[in-house]
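J.: Submitted below is the structure of interest, expressed as structure tokens.
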Amino acid sequence: MANQKDIRRRIQSVDSIMQITNAMQLVASAKLRKIRTRLENTKPYFDTVYQNINEILGSVSETTALMEERPVKNRAVIVIASDKGLAGGYNNNVVKEALKTIQSDPEVNTKVFTTGIRSLGLFRRNGIKANIDFSHISKEPLAEDAAVMGEYFTRAFIDKEFDEVYLVYTEFKSMMSFEPKTVKLLPASGFDHHEEKEEDSLNIEYEFEPSAHSVLTRMIKQYINVTVYSAILESAVSEQASRSNAMESATTNGEELVEELELLYNRARQAAITQEITEIVGGAEALN
């Protein structure tokens, strides 16, 4: 059995760690609320852009280079990960999701872009070297960062540097539920322009300046930018929720460990007292 001094030292050490994990949980919770508000404010804009694209596609026969389907030789996979750890399985799960797409077709030349340096080691274990030109975005997600990413990949797609662009991020559902998700960013697709529309909407005539093609191209670029931004915010909220949960679990485990150590300490103290009493009684009997 460990002596009282060692046990007391361990209790103090666990108490110190619990103070850190508790503080990290509070910080993560505060960041989560802040980013979640930004995410909720972004969704109406995303829905409006999506609806406008559908209305344009439903009224004209135009398409753009950003919607072009072609044989896939080169692919880009954007992985929204974190620069920091201590977030449970957040980074591991999103990398596993990305590997499904990366390894789905070995014949396709795939280039991986990650926003978080924590994922680099995970990719390296699978023989993949990731590009970090867009790293550190997760620290303070901004619409400007998403616009830079969106512009880069739309230009690369138009220039045929990539034939497909996938976005892998973590979708936030609740404080206890966040799942990695993969969406095809380019070629832009998934719009519901062929769905049945109400009679009132069929009578609407649109005029485009300078042209329907230009307006549609611009709208799809905006759609890509806001999709990337929403994914970054979703991932940031998921990261903070995962970290908050992990730190709460760590604090709870620390409390349980302290209880066990205090019980062990009391036993050691009781054993020491019993030993002292035994020695005193033994000494008294020897004198008699």
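The values are calculated or read from the model by the stated rules, or taken from the named source; none is laboratory data. Here the structure is a predicted model, which is why all the values come from computation and not from measurement. Using ideal geometry, Cβ is built from the backbone for each residue, glycine included, and neighbour counts are taken over all protein chains shown.
J.: Checking Ala65 against (1) small (Gly, Ala, Ser); (2) surrounded by 12 or more Cβ atoms within 10 Å (Cβ to Cβ); (3) over 20 Å from Ser214 (Cα atoms): exactly one of these is not met. Which one?
T.: (3)
J.: Within the stretch 200-218, is there a residue that is modelled with pLDDT of 85 or more, buried (at least 18 other Cβ atoms within 10 Å of the Cβ) and either over 24 Å from Pro71 (Cβ atoms) or of a type in the set (A, V, I, L, M) (or both)?
T.: no
J.: Looking at Phe191 and the list (1) at pLDDT 85 or above; (2) farther than 18 Å from Ser82 by Cβ, which single condition is not satisfied?
T.: (1)
J.: A further question on this structure: Is it true that Asn266 is at negative phi, of a type in the set (S, T, N, Q) and modelled with pLDDT under 90?
T.: Considered against the rule, which asks whether it is at negative phi, of a type in the set (S, T, N, Q) and modelled with pLDDT under 90, Asn266 comes out as yes.
J.: Also, quick follow-up: Being closer than 23 Å to Ser104 by Cβ, in contact with a helix residue (DSSP H, G or I) (Cβ under 7 Å, 6 or more places away or on another chain) and part of a loop (DSSP other than H, G, I, E, B) is the filter here, so list the residues in the stretch 154-177 that pass it.
T.: Answer for the stretch 154-177, where residues must be closer than 23 Å to Ser104 by Cβ, in contact with a helix residue (DSSP H, G or I) (Cβ under 7 Å, 6 or more places away or on another chain) and part of a loop (DSSP other than H, G, I, E, B): just Phe162.
J.: I need the full set of residues from the stretch 20-47 which are surrounded by 12 or more Cβ atoms within 10 Å (Cβ to Cβ), over 21 Å from the mean Cα position of the chain (by Cα) and not aliphatic (A, V, I, L, M), in order please.
T.: Asn22, Tyr45
J.: From (1) part of a helix (DSSP H, G or I); (2) in contact (Cβ under 8 Å) with a residue 40 or more places away in the chain; (3) under 22 Å from Glu234 (Cβ atoms); (4) β-branched (Val, Ile, Thr), pick out the condition that doesn't hold for Val77.
T.: Failing condition for Val77: (1).
J.: I'd like the full set of residues that are over 17 Å from Ser244 (Cβ atoms) and in contact with a strand residue (DSSP E or B) (Cβ under 8 Å, 6 or more places away or on another chain), limited to the stretch 75-95.
T.: Correct list: Arg75, Ala76, Val77, Ile78, Val79, Ile80, Ala81, Val94, Val95.
J.: While we're on this one: If the Cβ limit is 7 Å and pairs must be 6+ apart or interchain, which residue in the stretch 14-31 that is touching a residue at least 60 places away in the same chain (Cβ under 8 Å) and more than 19 Å from Leu257 (Cα to Cα) pairs with which residue that is surrounded by fewer than 18 Cβ atoms within 10 Å (Cβ to Cβ) and basic (Lys, Arg)?
T.: As it stands, the answer is none, since no pair meets every condition given.
J.: Same structure again: Give the number of residues within the stretch 103-153 that are under 24 Å from Asn225 (Cβ atoms) and either polar (S, T, N, Q) or not in a loop (DSSP other than H, G, I, E, B) (or both).
T.: Within the stretch 103-153, the subset under 24 Å from Asn225 (Cβ atoms) is 110-117, 119, 130-153.
With either polar (S, T, N, Q) or not in a loop (DSSP other than H, G, I, E, B) (or both) added as a condition, the list becomes 110-115, 119, 130-131, 135, 137-139, 143-153.
Adding up the residues that qualify gives 24.
J.: Looking for whichever is buried (at least 22 other Cβ atoms within 10 Å of the Cβ) and within 20 Å of Ser235 (Cβ to Cβ) here; the options are Thr101, Thr115. Which one fits?
T.: Values: Thr101 fails: buried (at least 22 other Cβ atoms within 10 Å of the Cβ).
Only one candidate qualifies: Thr115.
J.: Looking at Ala236, Ala246, which is the one that is crowded, with 20+ Cβ neighbours inside 10 Å and under 30 Å from Val14 (Cβ atoms)?
T.: Testing whether each residue is crowded, with 20+ Cβ neighbours inside 10 Å and under 30 Å from Val14 (Cβ atoms) leaves just Ala246.
J.: If Thr37 meets every condition in (1) over 30 Å from Glu259 (Cβ atoms); (2) touching a residue at least 12 places away in the same chain (Cβ under 8 Å) apart from one, which number is that one?
T.: So Thr37 meets the others, but not (2).
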